[in-house]
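Below is one structure, written out as structure tokens, with a few remarks after it.
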Amino acid sequence: MIAGETQGTQAEGGDCLLVTSTSAVPAVRDWPQPGDPLDPAAAISVRGLVKRYGDFVAVDGLDLDIRRGEIFALLGPNGAGKTTTVEICEGYRKPDAGEVRVLGEDPSDGGRRWKAQLGIVLQSGAGDSQLTCRELLQAQASYYPNPRDADEVLALVGLTEKAKSRAKTLSGGQRRRLDVALGIVGRPTLLFLDEPTTGFDPEARRQFWSLIRTLRQLGTTMLLTTHYLDEAEALADRVGVIARGRLIEVAVPSALGGRETAPAVVSWSEDGARRSEATSTPTAFVRDLAGRFPGEVPDLAVARPTLEDVYLQMIGEPS
Amino acid sequence: MTTTTNRADAALPSLATVYRTRGSVELKEFFRQRESVVFTLAFPVILLVVFGAVLDYDIGGGVTFTQYFMAGIIAAGILGASLQNMAISIATERSDGTLKSLVGTPMPKSAYFVGKIVQVLAVTVLIVLILLAVGVLAYGIDLPSGSDWFTFLWVAALGSASCTLLGIAVSSLAKNGRSASAMVTPIALVLQFISGVFFQFSQVPVWMQTIASFFPLKWMAQGLRSVFLPDFLATEEPAGSWELGRVAIVLGLWCIAGLLLCVATFRWQDRAAS
């Protein structure tokens, strides 16, 4: 895991031992309030977004800013409004209320020049084709003013060996990597990834993560939706939790839900029994504890609530 | 991977470039798919071979039914290459997300339709050439001569255009490619039976003739009969003449109607998604 390298605010996502970060996380809310003006410098700025399907309110007054250059993960259960929000930003759906600016333009009337700056990986994928991977990428590249080389992109997503295979013959995971390749071949400044790793095996997911980190180094802003917590934690600079059409929190992954300052649980073995203590000052507690033992404290562990604990609590599911 | 941003000043690709890409994509999509090749290209040829072998009777004045059937099967071939092909392929591309994906790129929307037109044109020319070749080589069909070629050209062009537009419009009614096929194939078959493709039109009951005359296939077949049959057989037609003027008007009206329907109904996304 090298996720923390660029930010310094991310933590290893282990169950047992969690080393908290020391970076200063702003105590103020990290996302816009209703009524705030649109942020013209943001890659994506959304205010008061509402979208209904019949009686069902899919997005219910959502405010969001995504900064240029960041990877922002929208995390939420199925039906929370992730895809609806993303597809409004992509220009596929029209909002019932609210304002949206994506790279400074209203997506409902974004023209070719605007679309040329976007890369879109749809949840549903890019469709079936009789063309080979290379042919598909070359065709897609020809729609953009300054595309990447098709073979370069194939290498980037690890499909070089499949260059001459028809898209139809790819496995699910390979197909998804081709979707990502099609999304980045136009050299986007803003890349939308809607549940990009659904159906990946663990190794494919790791490979995909390293691809996303490479893209970040190239300066691509990314809006990622996922329901994998580890994915959000590993990739995102900031995570927004969405539930029932509302954004309930935005934070760096390590600070989500007040996780950073939540009481830590110190556990150890003493007199043949497992002991544990919840404390808001774990360092002092451990120092104290160390004094009671001549050497190592047996089976010492200090745990913070995991992202999963925090997340399930936020979206109102019993953990 | 040297530059990190999309140069805002880089010019968008020209229409000609993107049109060329789409034309080439559509040709590959069609000719690499065995089902579409067999269904659209081979099926009319098989019908010509079978009907030519079985129904080789004299329809009057020393003209064989095969000569008559030539006009009908070419009209049916054009219908398959345009209406059926478009309805099924576009419904498929709409339901599997191809269209949605394309409209999220800076591809000019017109390029999608240009690609489809290139596909229809290529398939139409190919099917007509194959049918003519089989007709001449296997059944000694008399090829048209002189100004008949000109009639052939405009009837085929107008018929193909109207049926392409109708096919694009009809694709919006279907949930996916399979349901488009289930919807459009029986309709095409019935139209072929009542429009004078498989039987002489004069043998079709009058009320069926009336129904057929609302649709383009009947007029396309009639126009093509004027090309393949000697003029004395025009007396067998309902009006006692080839009615080429009316053929042009009806097919032209269907082009306009088809275009209006396309504009009113075309969707880039599945209905469920919007």
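The values are calculated or read from the model by the stated rules, or taken from the named source; none is laboratory data. These numbers were taken from a predicted model, which means no experiment stands behind them. We place every Cβ from the backbone using ideal geometry, glycine too, and count neighbours over all the protein chains shown.
Here are the numbers for this structure:
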{"read-out": "Single match in A:88, A:120 (criterion: facing another protein chain (nearest Cβ under 7 Å), closer than 24 Å to residue A:47 by Cα, β-branched (Val, Ile, Thr) and buried (at least 19 other Cβ atoms within 10 Å of the Cβ))", "value": "A:120"}
{"read-out": "Complete set of residues in segment A:246-271 that are among the small types (Gly, Ala, Ser) and more than 17 Å from the chain's Cα centre (by Cα)", "value": "A:258, A:262, A:264, A:267, A:269"}
{"read-out": "Matching residues in segment A:263-319 - criterion: being in a loop (DSSP other than H, G, I, E, B) and either polar (S, T, N, Q) or under 30 Å from residue A:77 (Cβ atoms) (or both)", "value": "A:263, A:280, A:281, A:304, A:305, A:306, A:315, A:316, A:317, A:318, A:319"}
{"read-out": "Those residues of segment A:41-55 which are assigned to a strand (DSSP E or B) and on the phi > 0 side of the Ramachandran plot, in sequence order", "value": "A:48"}
{"read-out": "Test: residue in segment B:79-94 that is touching a residue at least 60 places away in the same chain (Cβ under 8 Å), more than 14 Å from chain A (Cβ to nearest Cβ) and either outside any helix (DSSP H, G or I) or out of contact with any Ser or Thr (no Cβ under 8 Å at 6 or more places or on another chain) (or both)", "value": "yes"}
{"read-out": "Exclusive hit being modelled with pLDDT of 95 or more and either more than 9 Å from chain A (Cβ to nearest Cβ) or part of a loop (DSSP other than H, G, I, E, B) (or both), set B:52, B:23, B:61", "value": "B:23"}
{"read-out": "Segment B:38-57, residues that are of a type outside the set (Phe, Trp, Tyr), surrounded by 15 or more Cβ atoms within 10 Å (Cβ to Cβ) and within 19 Å of the chain's Cα centre (by Cα)", "value": "B:40, B:41, B:44, B:45, B:47, B:48"}
{"read-out": "Unique residue being touching a residue at least 12 places away in the same chain (Cβ under 8 Å) and more than 20 Å from the chain's Cα centre (by Cα) when the list is A:188, A:147", "value": "A:147"}
{"read-out": "Selection count, segment A:130-161, where residues are facing chain B (nearest Cβ under 7 Å) and of a type in the set (S, T, N, Q)", "value": "4"}
{"read-out": "Test result for residue A:253, modelled with pLDDT under 80 and touching a helix residue (DSSP H, G or I) at 6+ places or on another chain (Cβ under 9 Å)", "value": "no"}
{"read-out": "Any chance residue B:202 is modelled with pLDDT under 95, under 30 Å from residue B:21 (Cβ atoms) and not in a loop (DSSP other than H, G, I, E, B)", "value": "no"}
{"read-out": "Residue count for segment B:186-208, restricted to those that are more than 16 Å from residue B:73 (Cβ to Cβ) and in contact with a helix residue (DSSP H, G or I) (Cβ under 7 Å, 6 or more places away or on another chain)", "value": "3"}
{"read-out": "Scan of segment B:109-163 for residues that are touching a Cys at 6+ places or on another chain (Cβ under 8 Å) and either over 22 Å from residue B:37 (Cα atoms) or modelled with pLDDT under 95 (or both), ordered by number", "value": "B:158"}
{"read-out": "Count of residues meeting criterion [farther than 21 Å from residue A:70 by Cα, of a type in the set (A, V, I, L, M, F, W, C) and surrounded by 13 or more Cβ atoms within 10 Å (Cβ to Cβ)] in segment A:234-277", "value": "6"}
{"read-out": "Residue B:76 being over 25 Å from residue B:134 (Cβ atoms), more than 8 Å from chain A (Cβ to nearest Cβ) and buried (at least 22 other Cβ atoms within 10 Å of the Cβ)", "value": "no"}
{"read-out": "Residue match in segment B:241-255 (condition: touching a residue at least 60 places away in the same chain (Cβ under 8 Å), aliphatic (A, V, I, L, M), under 16 Å from residue B:152 (Cα atoms) and not in a helix (DSSP H, G or I))", "value": "no"}
{"read-out": "Residue that is crowded, with 19+ Cβ neighbours inside 10 Å, away from chain A (no Cβ under 14 Å) and of a type in the set (A, V, I, L, M), where the choices are B:153, B:191, B:102", "value": "B:191"}
{"read-out": "Matching residues in segment A:126-183 - criterion: being on the phi < 0 side of the Ramachandran plot, among the small types (Gly, Ala, Ser) and part of a loop (DSSP other than H, G, I, E, B)", "value": "A:126, A:129, A:142, A:163, A:165, A:171"}
{"read-out": "Matching residues, segment A:91-117, being within 11 Å of chain B (Cβ to nearest Cβ) and more than 24 Å from residue A:219 (Cβ to Cβ)", "value": "A:92, A:93, A:94"}
{"read-out": "Within segment A:184-227, considering residues that are within 14 Å of chain B (Cβ to nearest Cβ), of a type in the set (Val, Ile, Thr) and in a loop (DSSP other than H, G, I, E, B), the one farthest from residue A:308 (Cα to Cα)", "value": "A:185"}
{"read-out": "Boolean, residue A:170 is in the same structural domain as residue A:252 (by TED's automatic domain parsing) and surrounded by fewer than 24 Cβ atoms within 10 Å (Cβ to Cβ)", "value": "yes"}
